[in-house]
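Colleague: Okay, here's the structure, questions in a sec.
FYI, it's all coordinate maths here, none of it is from the lab. This structure is a prediction, so every number in the text was calculated from the model and none was measured. Quick reminder, even Gly has a Cβ in these numbers, built from the backbone with ideal geometry, and neighbours come from all protein chains shown.
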Amino acid sequence: MAHFYISAAHKSSGKTTLSVGLAAALTRRGIKVQTFKKGPDYIDPLWLQRATDRPCYNLDFNTQSADEIIDLFTRKLAGADMGLIEGNKGLYDGVALDGRDSNAALAVKLQAPVILVIDVMGITRGIAPLLVGYTAFEPDVHIAGVIFNKVVSARQEDKLRAAVERYTDMTVVGSVPRDKNLLAPERHLGLVPPSESDHVLERISELAQMMETSVDIDRLLEISQLAPSPPTPGLAPTAKTASRKLRIGIARDSAFGFYYGDDLEALENAGAQLVFFNTLADAKLPAIDGLFLGGGFPETHMKALQDNKTLRADIKAAAQNGLPIYAECGGLMYLSKQISWRDEVAEMIGFIPGSVSMHAAPQGRGLVRLQETGRGAWPKQSGDDRPATIMAHEFHYASLEGLPDDTVFAHKVLRGHGIDGAHDGIVMGNVQAGFCHHRTTAQNDWAVRFVDFVRKCENR
C-alpha cells in the first residue's frame, strides 16, 4: 500500500502547511488519502481531516505500543489508496536520546519513505552537508526526497538544486516559495483550528494549488509506491453488544474540538451513540446518558460561553443530578466557576469549585505519567492486570485555583503537572475532570471504562 512520511530538519519548517496542501492536491486527483499525525496533537489532524474529508489518526509512542501503532496504521490504511504521515519536530527528534521514539523510528516501523522538508531561509550550498548528514546518520531511514520550503527567489532555488545534484543522490521533489499567508495564524497552542479560521476550504484550495505548481506530484506518487506492503492488519475492535446504545453527548464546536478519532470510535465500539452538540448555540443539552467535554479553546470563546446561560445551567443541573461526565482540559475549565484572561472574567458552569486563570507561559506541557488513586469515577478493578501507570499528555496555559483541601483526585502525577503539580482528575459525584488528555489504548482503555460506568449509573 502506497504511503510516505513528511518530516523536517527541525520544527516550524512548514510540515503542516505542506502536508495539508499535498493531502488536498492528492485528494483532488480522486485519490483516497488516509492521513496520520505523529504524537499527541489535535489541531494539525483537524486540518488534515478537512483536506481529505477523512479522519486523521495519531501515532504516538507515548501512549501506544509498537504493535498498536502498526495495527492502527495498517487497519486505517487498508480503506484508502495511499497514506500520508505528518511528523512532529525534526526527523531525528524525540524524548529518548537513542531515538526510539523519534520520527525516524516511526518511519522505519511503518517502512515509509521520507520526504524531508527543509526551511531554506538563508541557505544555498549549505543544504548539501545537511542532507548528507541526515542520510548517513541512520542508514535504515529511507530519505527518498527533499522539498525546499520558503524559497525566496529563482536564483536561490537554482543554487540549492545545483548543490543537491552535485553533492548528494537525493531527489528534489519540490520547491515551495515563501508565503506567510499560506495556512492559518498561530497563537498560544499552535495553529488556529480550522473551525475558527475564516474561509477554510478556500485556504486549503490555495494550498493544494500551490503544491500542484511547486511540487512534482507524479514523482511523489512514484516514491509512495516504493513503500513495502504493511503487515497484515489485526482485527478491528468488536462492537459491544448491549440492549440499548447509550447516548453520549460530545461538545464539538469552535470552543471544543480536541478528540482523538480512534477514541470516538472506541466509545462507539463500547456501546455508545455519539450525540454532538454546540456549546455556543444550543440552549439545552440533548437527551443523553453521559457527557464528554473535550479540550479546546474556551478562553477565546469565554464571553460567548458565558452568554449561553441556559446551557450552562442545564449542564450544572445535570452534573448535580448525577449525569456521568468526563472532562479534559478545556472541558475542566468550562466546568469551573470562571475564567480570567487578559484582564477579563467570564462566568462558566460553576460545578467545579475553583476558578481558572490564564497565564503567559504554559503551566503544564508535555508527556505525563499518572497513577490511579483508586478514587476515580471508574477506578481500576481488582484483577485488572493493566500497568499501574498511565501515559498521557498535557498542554495548558491555565491554572485552577481555589479548590477545597478535601478535593478527591483520580490520579497522582508521577511526571508532569496536572492540576496542582501532584494530582489530576477531580472527582465529584459522577464527574471526573482533569487537565491531562487521555487516549484509549491497551494500557488505558478509558473509553470502555467510561461507557461501562455510564451504563452502571443508568442501571442504578
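Colleague: Arrange S7, S355 by Cβ neighbour counts within 10 Å, fewest through most, would you?
Modeller: Lowest to highest Cβ neighbour count: S355, S7.
Colleague: About its Cα centre, how strong a charge dipole does the chain have in debye, to the nearest 20, once Lys and Arg get +1 and Asp and Glu get -1 at the Cβ?
Modeller: So the dipole magnitude of the chain works out to roughly 280 debye.
Colleague: Which Rg and Dmax, in Å, describe the Cα atoms of the stretch 81-151?
Modeller: Spelled out, the Cα radius of gyration and Dmax of the stretch 81-151 are 12.6, 37 Å.
Colleague: While we're on this one: Go ahead and collect, in residue order, the members of the stretch 97-120 whose backbone nitrogen is under 16 Å from a label point 7 Å along the Cα-Cβ direction of D158.
Modeller: Hits in the stretch 97-120 for D158 at 16 Å: none.
Colleague: I've got another one for you. Rg and Dmax in Å for the chain, alpha carbons only: what are they?
Modeller: 22.9, 74
Colleague: For the stretch 1-94, which chymotrypsin sites (Phe, Trp or Tyr not before Pro) are both in a DSSP coil and crowded by at most 10 other Cβ atoms within 10 Å?
Modeller: Qualifying residues, ordered by number: none.
Colleague: What ³J(HN,Hα) values, in whole Hz, does the Karplus curve 6.51 cos²θ - 1.76 cosθ + 1.60 give for the stretch 365-371 when θ = phi - 60°, with x put for Gly and Pro?
Modeller: Calculated HN-Hα couplings, in order: 8, x, 6, 10, 10, 10, 10 Hz.
Colleague: Then there's this: Dividing the Cα radius of gyration by the Kirkwood radius, what Rg/Rh value follows for the stretch 1-70?
Modeller: We get a ratio of 0.96 for the stretch 1-70.
Colleague: When ranked by the protection proxy of mean other Cβ atoms within 10 Å per residue, highest first, what sequence do the peptides 141-154, 105-118, 335-348 form?
Modeller: Going by the mean number of other Cβ atoms within 10 Å, highest first, we get 105-118, 141-154, 335-348.
Colleague: Follow-up. Using 1/(1 + (r/R0)^6) with R0 = 25 angstrom and r between the beta carbons of A361 and D307, what's the FRET efficiency to the nearest 0.05?
Modeller: The calculated FRET efficiency here is 0.30.
Colleague: Applying 1/(1 + (r/R0)^6) with R0 = 56 Å to the Cβ-Cβ distance of T124 and N459, what FRET efficiency is obtained, to the nearest 0.05?
Modeller: Once the sixth-power term is evaluated, E becomes 0.20.
Colleague: What does the extension gain come out to for R244 and L280, with contour length at 0.36 nm per residue minus their alpha carbon separation?
Modeller: Full extension from R244 to L280 adds 10.0 nm.
Colleague: Got the relative contact order for the stretch 244-316 handy, in percent, Cα pairs under 8 Å and 6 or more residues apart?
Modeller: It comes to 42 percent, rounded to a whole number.
Colleague: Turning to a different aspect of this structure: Relative to the first principal axis of the alpha-carbon coordinates of the chain, what is the inclination of helix 66-77, with its axis defined by its Cα atoms, in degrees from 0 to 90 and to the nearest 10?
Modeller: 80 degrees
Colleague: Where the only charges are on Cβ atoms (+1 Lys, Arg; -1 Asp, Glu), what is the dipole of the stretch 1-130 about its Cα centre, to the nearest 20 debye?
Modeller: Result for the stretch 1-130 is approximately 440 debye, rounded to the nearest 20.
Colleague: Let me ask you something else. Tell me which residues come under 5 Å, amide H to amide H, from H423 once H is placed; ignore anything under 5 positions away on its chain.
Modeller: Distant-sequence amide H within range of H423: V413.
Colleague: With an 8 Å Cα cut-off and a minimum separation of 6 or more residues, compute the relative contact order for the chain in percent.
Modeller: 13 percent
Colleague: Here's something else I'd like to know. Cα axis of helix 309-320 to longest principal axis of the chain: angle in degrees, 0 to 90, nearest 10?
Modeller: 70 degrees
Colleague: Relative to the longest principal axis of the chain, what angle (0 to 90°, nearest 10) does the C-alpha long axis of helix 200-214 take?
Modeller: That works out to roughly 20 degrees.
Colleague: Going through the stretch 348-444, which trypsin sites (Lys or Arg not before Pro) have at most 14 other Cβ atoms within 10 Å and a DSSP loop state?
Modeller: R375
Colleague: A further question follows. Report the gain in length on full extension from R178 to K412: 0.36 nm times residue separation, minus Cα-Cα distance, nm rounded to one decimal.
Modeller: Result: 79.6 nm gained on full extension.
Colleague: If R₀ is 25 angstrom, what is the calculated FRET efficiency for the pair Y167 and A96, using the beta carbon separation as r and rounding to 0.05?
Modeller: 0.20
Colleague: A further question follows. Take the Cα radius of gyration of the stretch 2-224 and divide it by 2.2 N^0.38 Å, with N its residue count; two decimals is plenty.
Modeller: 0.95
Colleague: Using 0.36 nm times the number of residues separating R28 and D216, minus their current alpha carbon distance, what extension gain do you get?
Modeller: The span from R28 to D216 would gain 66.2 nm if fully extended.
Colleague: Now, a different point. Using each residue's phi in the stretch 99-105, evaluate 6.51 cos²θ - 1.76 cosθ + 1.60 at θ = phi - 60° and report the 3J(HN,Hα) Karplus result to the nearest Hz, with x for Gly and Pro.
Modeller: Result, ordered by residue: x, 5, 10, 7, 4, 4, 5 Hz.
Colleague: Plugging the Kirkwood radius over Cα pairs into Stokes-Einstein for the stretch 246-459, at a temperature of 20 °C and a viscosity of 1.002 mPa s, what D comes out in µm²/s?
Modeller: 126 µm²/s
Colleague: If amide hydrogens are placed 1.01 Å from N in the peptide plane, which non-local residues have theirs closer than 5 Å to the one on M348?
Modeller: Long-range HN contacts for M348: Q338, I339.
Colleague: Rank-order 21-29, 422-430, 451-459 by packing density, defined as the average count of other C-beta atoms within 10 Å over each peptide's residues, highest first.
Modeller: 21-29, 422-430, 451-459
Colleague: What are the ³J(HN,Hα) couplings of the stretch 333-346, residue after residue, when phi is run through the Karplus curve with 6.51, -1.76, 1.60 and θ = phi - 60°? Round to Hz, x for glycine and proline.
Modeller: Coupling constants for the stretch 333-346: 4, 5, 6, 6, 6, 6, 10, 10, 7, 6, 6, 10, 10, 9 Hz.
Colleague: Number of Lys pairs in the stretch 16-166 with C-alpha atoms less than 15 angstrom apart, excluding same-chain neighbours closer than eight positions?
Modeller: So the count of such lysine pairs works out to 8.
Colleague: Report, in deg cm²/dmol and to the nearest 500, the calculated mean residue ellipticity at 222 nm for the chain, where each DSSP H run with n ≥ 4 adds -39500 (n - 2.57) and the sum is divided by the residue count.
Modeller: -9000 deg cm²/dmol
Colleague: Still on this structure: Towards the positive end of the charge dipole of the chain, with charges on Cβ (+1 Lys, Arg; -1 Asp, Glu), say which of I69, I204, L116 has the farthest Cα.
Modeller: Towards the positive end, the residue furthest out is I204.
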